[in-house]
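See below for the structure under consideration.
Laboratory data are not the source of any read-out in this text; all were calculated from the coordinates shown. Being a predicted model, the structure only gives us computed values, none of them experimental. Methodologically, a virtual Cβ is constructed for each residue, glycine included, from the backbone with ideal geometry; neighbour enumeration extends over all protein chains shown.
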Amino acid sequence: MKKRLLSLLLILALALSLCAAAVSAEESYVFDEAGRVSAEELEILQQLGARIRADTGAVVCVCITEGTGPDLRSYAAQFWQEHFDADEGIILVYNPAANMISYAAYGERLGTLDESELNELAGAFNSANTCFEGAHSFMNLAYAKLGGPGLEESETRQYDRVVDLAGVLDADTLAELNRMANDVSGKYACDVAVAFVRSLDGKYVQDYSDDFFWYNGYGQGPERDGILLLISVGDREFNESTSGYGTTAFTDYGLQQYIEPNFTRYLVNGRDDWAGAARQFITDAGELLRQARDGKPYDYEYDSPAVVEREKKTAKEVAPGAALISAIIGFFSGGIPAGAMKRKMKSVEKNYGAGNYARGGLRMRRSDDRFLYANVHRTPIPHEEHRTGGGGGGGSSMHFSSSGHSFGGSHGKF
């Protein structure tokens, strides 16, 4: 009897341990076999994965490993089958040694996404600066595409409206700037955000900024209305990415003549007052949003009277008088001096060769070959440009980011 009871207890303990192992495996949504994510970052990602599973019933997983072999897609599918008992979800596998990513998607909400949407998910990871940022962006974007509950605007953003990834702001200052940005963004229904990063890692500042805006969920409403100022502390470069209504409120002229001169004065000549720059940017962005919501976006036809064209007369009205005035001015400024010079040139003869004018030949002191333009992109997306809003050449110059979304903006160095 005792032996039978002991056997039952052992069987029960074994069953419980197997269940615990299964639950533990099911609750793991990030596998970092390459040591690219810290313990604190891993916990954040695990919590996000658990929330996605609880809200949507789907699994969103990231696997970082160098043991994939050459066929990442097959590895992703096999890893999914071995670790998850789920009919719906997506797994992204990243091999840092090969610098390659692949994915496998399942179910009606993710498995039926078209190629561009799947590339957008992969791009969310691929465009990030670190594995943690990439995994977080990928999981958040997958969460949005799954359409789970609780996906309000504030929750689809990965970061606060003011984020310091470069370590240049203290906690109190960061909290103050976020309160300012939240107030302005809420008042005018348009995101105003600032991001400090350590470096661009060799990327073009405009591409980095646009991707940061898009893949980290900034922008309000279906058009993703907003503006992001991204400052690379190490490269000493900045970019403003504008989207949706942001391209209307923040014109090229407004950015270059109003916004940029004000906040960059806190950064030049060794000042490096990062908080001051962010505070000034948020304040000025609020002012331009107020003016735009009043129906008068800050643009040169409104704010620089010197370039506003005055009412003009027709060509028929001005032609006779203009012709007479031109003839009189031409006679006195050209005819009289030309006649005087002609009288002095008595010894001038025609010369049909260049020998008399050459003295030692042509000597080039320096020569080189230069590429005028060089654009490097993982995906060859044409950067078409057009302008929106404003008249007479005003408005915003537009381009397309790696996501295919249309952005405006401006960039520079300090």
ask   = Near residue 80, within a Cβ-to-Cβ distance under 12 Å, what is the net charge of the other residues, with Lys and Arg +1 and Asp and Glu -1?
value = -3
request  = Write down, largest first, the equivalent ellipsoid semi-axes of segment 184-289 in whole Å, where each equals the square root of 5 times an eigenvalue of the alpha-carbon gyration tensor.
outcome  = 21, 17, 11
request  = First obtain the Kirkwood hydrodynamic radius of segment 25-151 from its Cα pairs, then insert it into the Stokes-Einstein equation at 20 °C and 1.002 mPa s, and state the resulting D in µm² per second as a whole number.
outcome  = 150 µm²/s
ask   = Around residue 234, what is the net charge, scoring Lys/Arg as +1 and Asp/Glu as -1 over all other residues with Cβ under 11 Å from its Cβ?
value = -1
request  = Report the net charge of residues surrounding residue 266, where surrounding means a beta-carbon distance below 9 angstrom and charges are Lys +1, Arg +1, Asp -1, Glu -1.
outcome  = +1
key: Neighbour-count ranking [beta-carbon atoms within 10 angstrom, fewest first] of 29, 300, 143   = 300, 143, 29
Segment residue 73-residue 176, extension gain: residue separation times 0.36 nm, minus the distance between their alpha carbons = 32.5 nm
Antiparallel bridge percentage (DSSP; both residues within segment 25-151; nearest 5) = 45 percent
